[in-house]
Structure formats: structure tokens, C-alpha cells
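Working notes for the structure below.
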Amino acid sequence: MYLKIVHIYVHLARGDAQNIFPAAISSDGRSYNEQLFGAAADVLRRIGEDGRVIREFVELGAKAKAAASEAMDAEATLGEIPDEFLDPIQYTLMKDPVILPSSRITVDRPVIQRHLLSDSTDPFNRSHLTADLLIPDEELKARIEEFVRSQELKRRGERVNIQSIKDSIQTTNGEMLID
């Protein structure tokens, strides 16, 4: 069975020119970790799997690791994120906030959907919960998107300002006085 999963992963990766699949793998907080692909590749070598499949699987792992690093860097560049924008289960920036109907707590949709795969209850009060009962929090989603946009604009403005400062301290022969 595990070998079939490896083949499915490799097959999906082959058709993914935009690297969407590695990003999805890395964002799965319940089952992804950096060591997973290397450990699985060791097992594949021991059982005599085709070298090409192993190589592609390891490459997929490297892409997933890069995607995870990029996601962490992107979130880190946002600076101090208001607590109300963070998922209370994984403490990551929410992208699709939903309200749980019985506890009235807001969580990120992908996080609660992963939870619902193994447990059909609200994690905060154990009442029955299914994905169709989730209530989109459009107002919070708009505020989060505005926060991200404003932080990106601020960061771009800082880069432009640094470059203009560097430009203004160049000497007439083009040498930098300060670098």
C-alpha cells in the first residue's frame, strides 16, 4: 500500500509544472515533516524500488521542503501578526477563516477539515461537526487580506527607500561611500 502512495505522489509531481503539489504537501501540518521523504527513500532502496522513482520522490521532498521554507519566510516577513488572524489550533495565519457553529470559535478551513478527516467533532467542545456546517467568516478574511497587503506594501516601500538612500550616497564616480 505504501509503495502505491509513493507512486501516486511521484505521478502527481510529474504533472505539476507549477509546484502546487509540493506546497500542498508542506502545508499539511498533521503529516508533513522534513525527514519524511528521506526516511521513505531509505525504505524504498531497501526493498529494491526503481532508482528513478526514488530520485523523483526525493526531488519532490526537496520541493516540499523549499515550499515550507518559503511559506515560513513569507509569514515571517509580515512581522507581528495580530492574534485574531492566527488559527488557534496551529497558530498560523488563517487564509480561509470559518466559524465553528457550536463553539463559535474561528479557525482556518484547511486545519479544521484535516481534523474532520479523523474526528467529526468540534475540537473545542466535542459537539458534532461536519464540513458543511462551517460558517465562512468573510469579514475576517477581508481584514486578513488587507493586513497582508499593507505589510507587503510597507516592505516594498522599505526596499525602495533603502535603494534611494544608497543611490543618494554614491559619489560622482559611482563608488559607494557606504555599503
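The values are calculated or read from the model by the stated rules, or taken from the named source; none is laboratory data. Bear in mind the structure is a predicted one, so any value in this text is a computation, not a measurement. Every residue, glycine among them, receives a Cβ derived from its backbone with ideal geometry; neighbour counts consider all protein chains shown. Surface accessibility is based on the protein's heavy atoms, side chains included, excluding ligands, DNA and RNA. Shrake-Rupley method; radii C 1.70, N 1.55, O 1.52, S 1.80 Å.
Computed values, structure above
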read-out: Electrostatic dipole magnitude of the range 1-159 [Cβ: Lys, Arg +1; Asp, Glu -1; Cα centre; debye, to 20]; value: 520
read-out: Residues with amide H under 5 Å from that of residue 137, placed H, sequence gap 5 or more; value: 98, 99
read-out: Accessible area (Å², per residue) of the chain, counting only protein heavy atoms and a probe of 1.4 Å; value: 66
read-out: Residues whose placed amide H lies under 5 Å from that of residue 121, excluding near-sequence neighbours; value: 129
read-out: Loop trypsin sites (Lys or Arg not before Pro), the range 97-162, which have at most 11 other Cβ atoms in a 10 Å radius of their Cβ (DSSP); value: 104, 126
read-out: Rh (Kirkwood; distinct C-alpha pairs) - the range 92-142, Å; value: 10.8
read-out: Residue-wise HN-Hα coupling along the range 72-86, computed from phi with Karplus coefficients 6.51, -1.76, 1.60 (Hz; x: Gly, Pro); value: 5, 5, 4, 5, 5, 6, 6, x, 6, 8, x, 4, 5, 8, 9
read-out: Calculated [θ] (222 nm, deg cm²/dmol) that DSSP helices of n ≥ 4 give over the chain, each run adding -39,500 (n - 2.57); value: -18500 deg cm²/dmol
read-out: 10 Å-binned pair-distance histogram of the range 7-97 (Cα, whole percent); value: 15, 41, 27, 13, 4
read-out: Residue 92 long-range amide H proximity, modeled H, under 5 Å; value: 87
read-out: Within the accessible area of the range 1-47 (1.4 Å probe), percent carbon and sulfur; value: 59
read-out: With eigenvalues of the C-alpha gyration tensor scaled by 5 and rooted, the range 25-64, Å; value: 20, 11, 6
read-out: Calculated from backbone phi, Karplus (6.51, -1.76, 1.60) coupling profile of the range 90-107 in Hz, x at Gly/Pro; value: 9, 6, 10, 4, 6, 10, 9, x, 9, 9, 7, x, 8, 8, 6, 8, 9, 9
read-out: Kirkwood hydrodynamic radius (C-alpha pairs) into Stokes-Einstein, the chain, 10 °C and 1.306 mPa s, D in µm²/s; value: 80
